[in-house]
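Working notes for the structure below.
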Amino acid sequence: MLEEKKELLRVEHLKKYFTTPKGTLHAVDDVNFSIRAGETLGVVGESGCGKSTMGRAILRLHEPTAGKVYFEGNDILGYNKKQLKELRKDMQIIFQDPFASLNPRMTVSEAIIEPLLVQGIYKSSERAAIISRVDEIMNLVGLAKRLVNTYPHELDGGRRQRIGIARALAVNPKFIVCDEPVSALDVSIQAQILNLMQDLQEELNLTYMFITHDLSVVRHFSNNIVVMYLGQMVECAPAKTLFKNPLHPYTKALLSAIPVPDPDFKMERIPLKGELTSPINPDPGCRFAKRCPYATEACTSREMTLMELEPEHFVSCRMIQEQR
């Protein structure tokens, strides 16, 4: 009998609002989910739906407006600066653009060494131990030792992203937010980085939050998937369940847009019409209602809530909930 994995991260009623001249932008609005240790949670949705903001709010790169984030049972939103610095050893991030996220004045070795010194894992005088750790990390992510003194502008996108991964792994974290880590790379390089990340997860027992637009990737890379729309979760389910039996109208439309590499296959896409609801001072009710072919007046008269309609399958849709 397989041992059940322990919960590593739990997010409860997480909100992140931004004040704008036109009103309050609800970037992340009342999000709830959990991730078990050693697993991957995929997060998908259109650009601007709050995926990256949610990941950064969890790490407190953006200070959340409200909610709770429990890491190993502790609410990290109450941490002070000293506690938060210590937490960085366990929670890291891999950014989307490997060139923009790297310091152009730092060599490969300096980029990996910096978090080791900042976190106090090594002292600057422990030169031999630091060099040994840099060699270990570079080997782990597939960077040749001859690149140790090169700068980011001298490398291609794939190697730059390997530096970003190496920098995140240097402090031996347990949880990593992967913010579209392959979207800026060539297709041929994407597969290499994804395979590397999967190998690292198995070898180091890493837990990922994998933010992406690529539904084909998230299908095979994730244990569970969260679908977001304008700052809110509309569906959450195990990956196989979501692709086999999507319930929310938005999820169905999203999955219908996945290209199939077969010219003879007839696509049955679900087109979405209507204007996007503004995330600034949004009205009550379903934010997808203006584009939903099944929306009624009842959909805009009350707030939507996630309900578990099947084991581990949560949906925020009045029509689907009333049918069950």
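Laid out as a table, the results:
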| read-out | value |
| --- | --- |
| Any chance GLN190 is polar (S, T, N, Q), buried (at least 17 other Cβ atoms within 10 Å of the Cβ) and over 22 Å from ILE113 (Cβ atoms) | yes |
| Given (1) assigned by TED's automatic domain parsing to the domain that holds MET228; (2) assigned to a helix (DSSP H, G or I), index of the condition GLY67 fails | (2) |
| Lone unmet requirement of (1) touching a helix residue (DSSP H, G or I) at 6+ places or on another chain (Cβ under 6 Å); (2) surrounded by fewer than 21 Cβ atoms within 10 Å (Cβ to Cβ) for ARG159 | (1) |
| Residues located in the stretch 154-163, provided they are outside any helix (DSSP H, G or I) and either charged (D, E, K, R) or assigned by TED's automatic domain parsing to the domain that holds GLN190 (or both) | ASP156 |
| Residue under evaluation GLU4, criteria (1) in contact (Cβ under 8 Å) with a residue 40 or more places away in the chain; (2) assigned to a loop (DSSP other than H, G, I, E, B), criterion not met | (1) |
| The stretch 292-307 - residue that is of a type in the set (D, E, K, R) and part of a loop (DSSP other than H, G, I, E, B) and, of those, nearest to the chain's Cα centre (by Cα) | GLU303 |
| Top-ranked residue in the stretch 281-324 [being touching a Phe, Trp or Tyr at 6+ places or on another chain (Cβ under 7 Å) and not aromatic (Phe, Trp, Tyr); ranked as surrounded by the most Cβ atoms within 10 Å (Cβ to Cβ)] | ARG287 |
| Matching entry among ALA184, ALA166 (being buried (at least 17 other Cβ atoms within 10 Å of the Cβ), small (Gly, Ala, Ser), in contact (Cβ under 8 Å) with a residue 40 or more places away in the chain and in a helix (DSSP H, G or I)) | ALA166 |
| Among (1) outside the structural domain of ASP186 (by TED's automatic domain parsing); (2) touching a His at 6+ places or on another chain (Cβ under 7 Å); (3) of a type outside the set (S, T, N, Q) - the single one MET106 does not satisfy | (2) |
| Answer from LYS85, LYS123, LYS89 - the residue that is over 22 Å from LEU196 (Cα atoms), of a type outside the set (A, V, I, L, M) and assigned to a loop (DSSP other than H, G, I, E, B) | LYS123 |
| Qualifying positions in the stretch 79-128 - touching a residue at least 40 places away in the same chain (Cβ under 8 Å), under 12 Å from ALA170 (Cα atoms) and either of a type in the set (S, T, N, Q) or exposed (fewer than 15 other Cβ atoms within 10 Å of the Cβ) (or both) | GLN92, SER109, GLU114, GLN119 |
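The values are calculated or read from the model by the stated rules, or taken from the named source; none is laboratory data. Everything numeric in this text was worked out from a predicted model, so none of it was measured. Note that we place each Cβ from the backbone using ideal geometry, even for glycine, and neighbour counts take in every protein chain shown.
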